[in-house]
Amino acid sequence: MTILLYDLVGRDAARPFSPHCWKAAMALAHKGLDISTVPTRFLEVPTVEGGVSKLVPVIRDGEKVVADSFAIALYLDEAYPERPTLFSGDGGKAMARFIERWSQLTIHPYVTTAAIMDLHAMQDEANAAYFRQNREQRFGKKLEEVVAARDAGLDAFRASLEPLRSMLTYQPFIGGQSPLFADYIVFGALQWARIASPYRLLDDSDLVAQWFERCLDLHDGLGRKVAAAA
């Protein structure tokens with residue numbers, strides 16, 4: 001049975017950009033499951049599956065509806081234990097929780113700063129108005145003021161990735177010799193930036209950039225099926 005994935009998009013339905021939806025998409029691909037995506041814009045999210053969540057991703061697997069990328073990954077490992085594991089046990093789940101917090105507190109804030117105007121430009125008129133109002137209320141400043149800080153913050157952002165960079169000197173993935181959901185968490189954040197903005201976060205020589213390229217190649221190049229922002 002095909003699983004439905006409600007996937008956040010802007011004006012172009014073929015360019016899903018949400019870091020959390022990318023986590024879910026990679027988890028589904030990791031499990032080798034057939035999916036059908038439902039392109040969903042910001043203002044459509046409250047209507048998804050009768051308003052089950054204020055955010056996407058949301059999946060429908062038969063009669064089962066699951067919201068939140070981490071909950072989706074947990075569900076997939078429980079529902080499809082015969083397929084490749086996303087966590088490799090309870091320790092992997094605990095590790096992924098740490099990686100999720102680290103990513104959202106370290107990577108997400110800077111990607112938001114760097115890409116916020118590009119994200120705004122991806123939306124149609126109504127969703128762009130929503131995005132501006134919502135984000136300016138959140139930050140207490142204009143979007144233009146938020147993005148103005150990106151150049152000054154770039155070196156600190158790159159330095160903040162040193163724990164990941166150091167770890168990648170002795171293993172190819174966060175999960176070890178092969179990826180786990182922890183990899184998809186960080187991949188989702190960098191894929192968000194790649195699709196939304198041409199702003200260069202990492203040098204090609206960076207071990208984190210090389211790991212990201214390996215992740216783009218996973219699952220028959222799923223991540224590359226959406227071109228980088230130009």
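The values are calculated or read from the model by the stated rules, or taken from the named source; none is laboratory data. Predicted model only: the values in this text are computed from it and were never measured. Please note: Cβ atoms are built from the backbone with ideal geometry, for glycine as well, and neighbour counts cover all protein chains shown. For the accessible areas, the whole protein counts, side chains as well, though only heavy atoms, and no ligand, DNA or RNA atoms are used. Shrake-Rupley method; radii C 1.70, N 1.55, O 1.52, S 1.80 Å.
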Report task. May I ask you to list the residues in segment 1-29 that are in contact with a Lys or Arg (Cβ under 8 Å, 6 or more places away or on another chain) and more than 25 Å from residue 132 (Cα to Cα)? Result -> 3, 4
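I need the full set of residues from segment 202-220 which are among the acidic types (Asp, Glu) and crowded, with 18+ Cβ neighbours inside 10 Å, in order please. Break it down into steps so the answer makes sense when it comes.
So in segment 202-220, the residues among the acidic types (Asp, Glu) come out as 203-204, 206, 213, 217, 220.
Answer for segment 202-220, where residues must be among the acidic types (Asp, Glu) and crowded, with 18+ Cβ neighbours inside 10 Å: there is none.
Do the conditions hold for residue 171, that is, is it closer than 21 Å to residue 92 by Cβ, open to solvent by less than 50 Å² (accessible area, probe 1.4 Å) and free of Cβ contacts under 8 Å to residues at least 40 places away in the same chain? Write out each step before concluding.
Details: closer than 21 Å to residue 92 by Cβ: yes; open to solvent by less than 50 Å² (accessible area, probe 1.4 Å): yes; free of Cβ contacts under 8 Å to residues at least 40 places away in the same chain: yes.
Criteria met by residue 171.
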Query raised in the report: In segment 75-125, what residues are in contact (Cβ under 8 Å) with a residue 24 or more places away in the chain, outside any helix (DSSP H, G or I) and among the small types (Gly, Ala, Ser)?
Result: 88
Requested in this report: Filter segment 45-69 down to residues that are of a type in the set (Asp, Glu) and in contact with a strand residue (DSSP E or B) (Cβ under 9 Å, 6 or more places away or on another chain) and give me whichever is most open to solvent (accessible area, probe 1.4 Å).
Outcome: 68
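Taking segment 177-209 only, how many residues are in a loop (DSSP other than H, G, I, E, B), among the hydroxyl-bearing types (Ser, Thr, Tyr) and closer than 27 Å to residue 72 by Cβ? Spell out the reasoning first.
Step one: filter segment 177-209 for residues in a loop (DSSP other than H, G, I, E, B), giving 177-180, 197-206.
Right, trim to among the hydroxyl-bearing types (Ser, Thr, Tyr) and you get 178, 197, 199, 205.
Now restrict to residues that are closer than 27 Å to residue 72 by Cβ: 178, 197.
Adding up the residues that qualify gives 2.
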Query raised in the report: Which residues, counting only those in segment 126-152, are open to solvent by less than 60 Å² (accessible area, probe 1.4 Å) and either of a type in the set (Asp, Glu) or in a loop (DSSP other than H, G, I, E, B) (or both)?
Result: 136, 149
**Report entry** Of all residues in segment 176-201 being open to solvent by 30 Å² or more (accessible area, probe 1.4 Å) and over 19 Å from residue 20 (Cβ atoms), the one that is farthest from the chain's Cα centre (by Cα)
**Finding:** 177
Query - Residues that are of a type in the set (D, E, K, R) and exposed (fewer than 15 other Cβ atoms within 10 Å of the Cβ), drawn from segment 71-96 - result: 78, 82, 83, 90
